[in-house]
Structure formats: C-alpha cells, structure tokens
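Single-structure report; data block below.
Any read-out appearing in this document is the output of simple, stated calculations on the displayed coordinates, not a laboratory observation. All figures in this text were calculated on a predicted structure; none of them were measured in a lab. Here the Cβ positions follow ideal geometry from the backbone for every residue, glycine too, while neighbour counts run over all protein chains shown.
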Amino acid sequence: MMLENEQGEIEEIKEELEDSYSNDDLYNINSWGADLSFRELISMYEEEELLKPELQRKYVWDKSEASRFVESILLGLPVPSIFLANTKDEKKLIIDGYQRIMTVFDYVSGVWTKDGKIFKLSNTEKINERWRGKAFGELEKADQRRIRSTTIHAIVFEQRSPADNDTSLYQVFERINTGGRALMPQEIRNCVNQGHFNDLLFDLNKNQYWRILFGKEVEDSRMRDMEFILRFLALDTEFIHSTEASTISLKKYLNEFMGNENSQSHETIINRRDKFNFVMDFIHMHIGENAFYNIVSGEEFKIRKRFYPTIFDAICPAVSIAYQRLGNEIPKDNLEIKRIAMLKDPDFRKYTSEGTMQLAHIHGRIDKALNYLFGIKYEE
C-alpha cells in the first residue's frame, strides 16, 4: 500500500505498519472515577487546566449532533463518560469526550466554534419545541441551571511509573480515543507530549528545504512529515549507536524519545534545531531534491518519485555524522552520483527493504551512506 504525496508517494514499510508492543510499565497506572459538573469543566477549560487533546484538533460535530446532545442534557438523559489524564504539571488532558465538552462550552458561552455565530439549537422537529431554535440566554433560568449542574462521569488516570516519561499515555490514548477517525501515531504523540519539543517539530516542519525534499509543499494533515523529523532526530542518537539490542520497536522508541524529559531542555531544543536545519540545507544544496527517492529497479538513473523512509534515515544521520567528524572539510562534490551508486548496492537495498528495524540493518544503511557519500566508516 502507498500513500499519496502530491508530487509523489510515501513508501510504506510493512514491518513498521505492523509494529506493536506491550510493556508492563505501560499499565502501571492509577485510575479513578469522578463526577464533574459542566460548570466545573467549563471553568477548568477557561483557566487552561483542562487541555485539548491536540494542537490542531477540529470540532467536528454538526449543528444537529450538537443540538441533540444539549437536548439530552435538558431531558435529563444519561451522558456517556469521558476520559481524562493527569499531566505532570497537574493539568488534565482530554483523552475522550472533547466533542461533548466543547458542545456545552460553546452553548453556554453563546458562540458556536464551527462558524463563530450565536449558538442556537436546531429549529427542527428533532428538538423538543420547548428549546427549539433557542440560544442558552433564551432558556428559562431553571434550564440554564440544569445544563450547568449536570454531571458527567470522568475516568481519570495517571501514570505511576516510569516517572521520566508518559509511555502509558500513548497506549491509553491509542486504545480509548473514539473521536471519528483513528489517529496516526504522530497525532497521538502530539496529543500526549505537548511542550517545547513538540513545538520544535511544528517549527522544523516549516523548513523550506525539508518541504521540497519531502515532496509536499503543504504540511501533512496527519503529521506523517513531522514523524519523519522525529525519526531522524531519534535515530541519530548515542542509543542507536551503542545499544546491544538486535531489533527495536520504532513506535515504542519514538514514543520514549519524544516523551523523555531531556527532550524539553533548552539546550537540547537548540541542538536539535541546528542539526536538522543544517542537514536539510546541506542535502538540498549538495544532493538535490531527489535525495530521498529511490531508483526504478533495472532502469539506470530513472528516479521513482516516492519518498523512501529508510533512504531518508540513512542519508540524514550520515550527513550529521560526517559533519561532526569532518566539519567544513565534509565532501560536497558529485553526491547525487554517489547516491545513485549507493542505491544500486545489493546490501544497501537489503538494509532499506528487509528487517528495517533490525539494528544491524539500521547501522548497515547508515554505514553505506557514509561510505558512498563521504568515504568514511560508521564505526571508527
């Protein structure tokens, strides 16, 4: 299966699509129930104690759905539970229930988020005539109190260990969230790891050279481009260089890398910003816009306009490592010709298409990129 990429496509790797993991630490959490009134939830949201699950999340209910939910509250019908997670700074992240909370927030506030107009219940026979077509301010005082005082059952949880990252939060969000479409891995990371590092990924994703090299001018709505940035930064680390593990779960590794407290430090943010910007600038200038594309098998020099993740995470770390070792003496001539030669290498083709998360193959493809492009070895 392939994903469209405007100017080309993204090569999907079966091993990574099937990547799943479990870990005892992921479920070492406390959870409890709490009945919260909409008055409390509105106040928490206004005071930024209650957080939206992702920076770019859209309100998706239509007016009919929103009106029916408000009517259910006025009728005294049961309201489905919501899921909240305690964060490290004592706030609460909405895991499931965002549409319900925002519907009541908007109705009580008077303005519907979706169109910026006065929020009036649908003027149709689907709504009880007592409330049909009415804004919150037009309701009787008793009905206004009923909405504010209605309680919704919240299941709240917090991770007990490990203490240095919220690895369980990703798993709970992945399994519990029911908001319309299934979220992609990076969308979930963006939900649960809000902070300076997440902000950095948004910023780096706007890099003009990265957009050209990725092959898509507009930022990807499912955050696949952001995940590739995270992937490069995570694979160009001392852990990958030194671990004795034979295989890694990419999903788990990226979750832990993004959630690590060190990822939020000012020094780390500066270093990662500088590294990524230099590497994208270098690749665009000295290799060219086809840098992360493959060649058609058996047809010399014919480029296949498809973004290859494993070619990307061979070349990017190789450029970073070569610059660390060689500085301004890093070779710059004929790099695209050398890259084409590398793509024809049988071992490189194996490292980028089979067992892609085996450490030997991760090291192997970076080593080949260093050899072909810069004439140096991965291990010295």
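Worth pointing out:
- Signed unit charges on C-beta, dipole axis of region 312-380, positive-most listed residue 378, 327, 337: 337
- Computed over the chain: relative contact order in percent, which uses C-alpha pairs under 8 Å that are six or more apart: 19 percent
- The shape of region 249-308 comes out oblate: with a ≥ b ≥ c from the C-alpha gyration tensor, a/c is at least 1.5 while a/b does not beat b/c.
- Highest-MSF residue in the chain out of 322, 291, 245 [GNM, Cα springs under 10 Å]: 245
- In order through region 108-119: 3J(HN,Hα) via Karplus (6.51 cos²θ - 1.76 cosθ + 1.60), integer Hz, x for Gly, Pro: 5, 5, x, 10, 7, 3, 5, 10, x, 9, 4, 7
- For residue 122, nonlocal amide neighbours, meaning residues 5 or more places apart or on other chains whose placed amide H falls under 5 Å from its own, are 67, 133.
- Among beta bridges from DSSP that stay inside the chain, the antiparallel ones total about 75%.
- Angle in degrees between helix 309-326 and the longest Cα principal axis of the chain, rounded to the nearest 10: 60 degrees
- Cα point-scatterer Debye curve for region 29-159, base-10 log of I(q)/I(0) at q = 0.14 Å⁻¹: -0.62
- Anisotropy class of the chain from Cα gyration tensor, a/c 1.5 cut: prolate
- 5 angstrom amide H check on residue 152, placed H, neighbours 5+ away: 36, 37, 38
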